Every structure is written in structure tokens, then in C-alpha cells.
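One structure is given below, encoded as C-alpha cells.
Bear in mind these aren't lab numbers, they're just calculated from the coordinates by the rules spelled out. For clarity, every value in this text was computed on a predicted model and none was experimentally measured. A quick note on method: Cβ atoms are made from the backbone with ideal geometry, for glycine too, and the neighbour counts reach across all protein chains shown.
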Amino acid sequence: MSERKKVTLPALFKKVAEGKPITWLTCYDYPTAYFQERAGIDMILVGDSLGMTMLGYDSTLPVTMSDMIRHTQAVRRGSPNAFLVGDMPYMSYQPSSETAVINAGRFMAEAACDGIKLEGGAEMADRIAAIVAAGIPAIGHLGLTPQSASALGGFRLQGKGALQAKKIIDDAKALEEAGAFAILLELVPDRVCQIITERAEHCIIMSLGSGPHAHGQLLIYHDLFGLYPKFTPRMAKVYGNAGELIQNGLEQYVAEVQNKEFPQPKNYFGMKDEAYDELIQMLD
Ligand code: KIV
């Protein structure tokens, strides 16, 4: 495990002040968290996208708090030092500020998170304010917000028109004023992201498919390595095809067992003749 220092909120703001981009990835399990920790990732998001990437649902809506807590605990075990963000799943914060604080608190108390993220604009500002008042760092999420995909007309670019872009800009200000320390902009035009970043006074703006002008970048881990079989979004960059590697390895394993090429002597353990003879005598 790397010896690096724990990534804290002041450390993130220091990076912003120094003009150093913040790195952020999703992660859902222990071994991946271990690798991300060693790669020096600043922030990890245990996204409710795990409903799709890990649990095989068609959307994030069926994901529960129990799902989130279980995966977040595993990620924390693999990455003790990244700034760990728990993603509030569907209906864990929408009903009321009280529900939001209780569930945000679970991420902190049960999974050792450093903060939480929730989706929505000005209409969720009171949830952000309540969570921040409870001493929990909170991140807003604007643009394409997957929990509202149905209302948004699907998984598509948000804020293409001036009116919709203005609403996203106003929402970002409302979340910042409510106390969000960061805002994720997912799939909004780069120039809208630039305006929000330039206007942010005490808020870190992160981009997912929203261009280079933000203070940092987030991608979905599975998209980096071809690990989500259904699709890879255009905005993702594929850094290696682990999916193909795994598929080829699995097919080779199946063939080798069928052809009796596996196992070889180095893949199993023998027994001393003396013990074996004794065993046979016992059986006789
Ligand atoms: O759940 C998730 O991974 C997310 C990203 C899409 C930003 O919220």
C-alpha cells in the first residue's frame, strides 16, 4: 500500500488554488480501490452507478442504502487515503432533509466516508444545507442526473440551449450558497462548465464529460477498461481493454479444462508415499 497522506478537504482546495487538476474515479470494490490508491487518485466516488456496473440493473433506481454501504465499506478497506465520497441512492434524500441527514450520516459512520454526493439543483439546496449543518461535506450533481433520467428524456447532454444552460448555472450558485464544497457537472457543454467554474467562489467544480475547464475530472472506472458490457459512453477514454483480456482468459480456461490441459502438476499438491500407503491400508 502506498505511504501517501490522507486526502483532506483543505488538500483538495489547495490543489485548486495551485491550478492542479483533481483526479476522481468511481470504484465499487476492494481490489479496485487498492489499485486506485496505489495510482494516487485524489477522490473516489462509490457511485450508485454500481446498480448498473456491478449489479446488472438497467438503471440506478433499484440501488438501496444497504447496497451502497456494503460496497463503500469494501472500497474504504482498499483505499484508506483517497477522499471517499458516498453517493446517495434514489429516495435516500428526496423525501426530506431529515431523511437526507440520516442517510448521509450512515455513509460517514458506517463506511468511513469523507463526504457524500446527491443529485439535483436549487430544489435540493435545503438537503445540502441540512447535511452540511450536520458537519458532513456535501457535493452537488447537475446536468445529466441519472436518477432523473426519465424526466430528462434519457441519458443525454443537458444545457444545450441558453435557457437550460442558465438554469444549470443558477442551480450551481444555489448549491454553492447552500454549502456544497463541490459540484459535479455531468454531460453539460464545455462552455457552460467554464462559466460555472469561473463563477465558483468557494466551490470545487468537477467535470464528467463536461470538458477541460473544471477543477478536475471524474470518469466511471468500468468505462476506462472496457468492463461494462452494454456500452461505453463517447466521453470516456478507454485506457485498456480488461474486458477483452478477461473474456479471452475465461475462454482459454474453459478450453483447457475440457481438453484436460488444466491442471498441470504445479497447480495441485501431492502426498508423501508413506502417508499415502498408510491411508490405503486404513481404507482396506
Ligand atoms: O453513480 C455514479 O457513478 C455517478 C456518476 C455518474 C457521476 O453519479
Starting from 0.36 nm per residue, how many nanometres of slack lie between LYS5 and ALA162 once their C-alpha separation is accounted for?
52.2 nm
Just rank ASP67, ASP114, fewest to most, by other beta-carbon atoms within 10 angstrom.
ASP67, ASP114
Residues whose modelled amide H sits under 5 Å from the amide H of ILE205, counting only those 5 or more places away in sequence or on another chain, are ILE183, HIS215
Taking 0.36 nm per intervening residue step and subtracting the Cα-Cα distance, what contour gain separates ALA112 from GLN258 on full extension?
48.0 nm
Which whole-angstrom value gives the distance between the alpha carbon centres of region 153-170 and region 24-92?
27 Å
Likely footprinting exposure, ASP58, ASP284, fewest C-beta neighbours within 10 Å first:
ASP284, ASP58
Degrees, to the nearest 10: 190-199 long Cα axis against longest axis of the chain
60 degrees
Would you calculate a helix-derived [θ] at 222 nm for the chain, using -39,500 (n - 2.57) for each DSSP H run of n ≥ 4 and dividing by the full residue count, to the nearest 500?
-13000 deg cm²/dmol
Calculate how steeply helix 162-178 sits against the longest principal axis of the alpha-carbon atoms of the chain, using the helix alpha-carbon long axis, and give the answer as 0 to 90 degrees to the nearest 10.
80 degrees
7 Å from Cα along Cα→Cβ at both GLN281 and ASP190: what's the point-to-point distance in nm?
8.1 nm
Would you kindly state how much longer the chain becomes between TYR239 and SER66 on full extension, computed as 0.36 nm times their sequence separation minus their alpha carbon distance, in nm to one decimal?
59.1 nm
Under the definition of Cα pairs under 8 Å and six or more residues apart, what whole-number percent is the relative contact order of region 149-284?
13 percent
At 7 Å along the Cα-to-beta-carbon direction for both SER59 and PHE231, put a label point, then send me their distance in nm to one decimal.
1.5 nm
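Considering only Cα-Cα distances, which of the following residue pairs are longer than 28 Å: LYS5/LYS173; LYS15/LYS117; LYS237/LYS266; LYS14/LYS173?
Too far apart for the 28 Å limit: LYS5/LYS173; LYS237/LYS266.
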For the chain, what is the relative contact order in percent, using Cα pairs closer than 8 Å and at least 6 residues apart in sequence?
13 percent
Give the residue from VAL257, SER207, GLN164 lying farthest towards the positive end of the charge dipole for the chain; charges sit on Cβ (+1 for Lys and Arg, -1 for Asp and Glu) and the dipole is referred to the Cα centre.
GLN164
Beta bridges by DSSP in the chain, antiparallel share as percent, to the nearest 5:
5 percent
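Rounded to the nearest 5, what % of DSSP beta bridges with both residues in region 100-211 are antiparallel?
Details: 1 of 15 bridges.
DSSP beta bridges in region 100-211 are roughly 5 percent antiparallel.
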